[in-house]
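Below: the structure, in structure tokens.
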Amino acid sequence: PRLQLMKTLCFPIVVAAAILAGCASNAADSAASKPKPGQIGHVDSQGFTLISDGSWTGWKVTENQASWSLADGGFKAQGERSHNFYTGPLAPFKDFELKVDVKTAPNSNGGIYIHTKYQDTGWPWGGYETQVNQTQGDWRKSGSIYSVQDVKADKLEGVVRDNEWYTHHVIVKGNRVQIFLNGKLVNDFTEEAGRKAGKDFERKLSEGTIAFQAHDPKSIVQYRNVRVKKN
């Protein structure tokens, strides 16, 4: 009887210990599987999720794939017209924030598309292009919502420079688009009610994905550390 009593008293303790050990193991497994800084899926202290890690995971290049390469932990665009679309699981985006670190060589033109749609060839029809261009001949400079609400060179003095990484930050909320370069607001656009899609380009908010542009062989633009936050 005494032995049976000891077994009866010890059994709940053994079970409880096993449950605790299992919980600790599950917690360790969860911590081990949680994306770390620099890994796709990592969420930073501001709630931004990393969607690029210096590989092609989650991205798809259209025509002229030779225009793209991997460099400095991100994407390097140099060559004939081509676009690199985000095709990962977080798309589509509607109300969201995008942060991208960008570097341009002198006389380079590029672009970051929002609310766009994947297409095999041509300039992306959907959404808006936010311009990347410090010193190339086009007067529409970085931070422009291309051919809708443009930014001239004088607004960028002391804000961004060629051959230096800077942060291109786009906030889309409702019918409003704000663009910050290195933390400075350079464009604040409110889309008019009832805006209709254009024929050659949509140039209208809806929802969609993100794309980066390789503009021409003379332009060298790099994009890295791409992170998004849905609002």
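The values are calculated or read from the model by the stated rules, or taken from the named source; none is laboratory data. Every value quoted in this text rests on a predicted model; they were computed, and no experiment measured them. For neighbour counting, all protein chains shown are included, and Cβ atoms are generated from backbone atoms with ideal geometry for every residue, glycine included. To get the accessible areas, we keep the full protein, side chains included, count just its heavy atoms, and leave off ligands, DNA and RNA. Shrake-Rupley method; radii C 1.70, N 1.55, O 1.52, S 1.80 Å.
Determine one quarter of the surface area of the Cα convex hull of the chain, which equals its mean projected area, and express it in nm² to one decimal. Mean projected area for the chain: 17.3 nm², to one decimal. Against the main long axis of the alpha-carbon atoms of the chain, helix 2-33 sits at an angle near 10°. Over the chain, accessible surface divided per residue gives 51 Å², non-protein components excluded, 1.4 Å probe. The three principal axes of the C-alpha atoms in region 42-154 carry coordinate ranges of 37, 32, 28 Å, sorted with the longest axis first. PHE180 contributes about 40 Å² of solvent-accessible surface, heavy atoms of the protein only, 1.4 Å probe. Fully extending the segment from THR167 to GLN119, taken as 0.36 nm per residue of separation minus the present Cα-Cα distance, adds 14.6 nm. Taking label points 7 Å from Cα along the Cα-to-Cβ direction, GLN39 and LYS196 give a separation of 5.1 nm. When you restrict to C-alpha pairs under 8 Å that are six or more residues apart and normalise by the size of the chain, the relative contact order lands at 27 percent. When a 1.4 Å probe is rolled over the protein heavy atoms, the share of accessible surface on the chain that falls to carbon and sulfur comes to 55 percent.
Taking the Kirkwood radius as Rh and the Cα radius of gyration as Rg, region 158-231 has a ratio of Rg/Rh equal to 0.98. Extending 7 Å from the Cα toward the beta-carbon at both ASN182 and ASP154 defines two label points whose distance is 2.0 nm.
Each peptide in 75-83, 145-153, 164-172, 208-216 receives the mean, over its residues, of other Cβ atoms within 10 Å, and ordering these scores from highest gives 208-216, 75-83, 164-172, 145-153.
Pairs with C-alpha atoms separated by more than 24 Å, drawn from the list LYS141/LYS184; LYS117/LYS155; LYS155/LYS199; LYS103/LYS173, are LYS117/LYS155; LYS155/LYS199; LYS103/LYS173.
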